[in-house]
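A short write-up of the structure that comes next.
The values are calculated or read from the model by the stated rules, or taken from the named source; none is laboratory data. Since we're looking at a predicted model, the values are computed, not measured. When we count neighbours, we look across all protein chains shown, and the Cβ atoms used for this are built from the backbone with ideal geometry, even at glycine. In case anyone asks, the SASA skips ligands and DNA or RNA and just uses the protein heavy atoms, side chains included. Shrake-Rupley method; radii C 1.70, N 1.55, O 1.52, S 1.80 Å.
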Amino acid sequence: KLYETVVQTATERRFKLMEALGDQMARRVLEAFEGVTAVRIEIRKPSVPIPGVLSHAGCVIFRDRQDVPAP
């Protein structure tokens, strides 16, 4: 179910920023799994349109129950 939640979040709409995608993934995981108290999402994107020698661009998002209001 975790995998399905993450894949659905990533594929149901386009995100311009990987930070926005990570935030949405973290929020959905916290909403879907009551036993999860915190989540850390790491996103790495190869082949980014940034000048220079890079293997990838990425971000890390951390959210816990205090960040996401109860439904």
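Structure notes:
- Options (i) 13.0, 41; (ii) 13.5, 44; (iii) 14.0, 44 - which one matches Rg and Dmax of the Cα atoms in Å as calculated here: (ii)
- Burial order of peptide ranges 9-17, 26-34 (average beta-carbon count within 10 Å, highest first): 26-34, 9-17
- Accessible area per residue, Å², the chain with all protein chains present, probe 1.4 Å: 77 Å²
- Environment charge of A57, counting only residues whose C-beta is closer than 15 Å and scoring Lys/Arg +1, Asp/Glu -1: +1
- The chain, accessible surface, carbon-and-sulfur percent (1.4 angstrom probe): 54 percent
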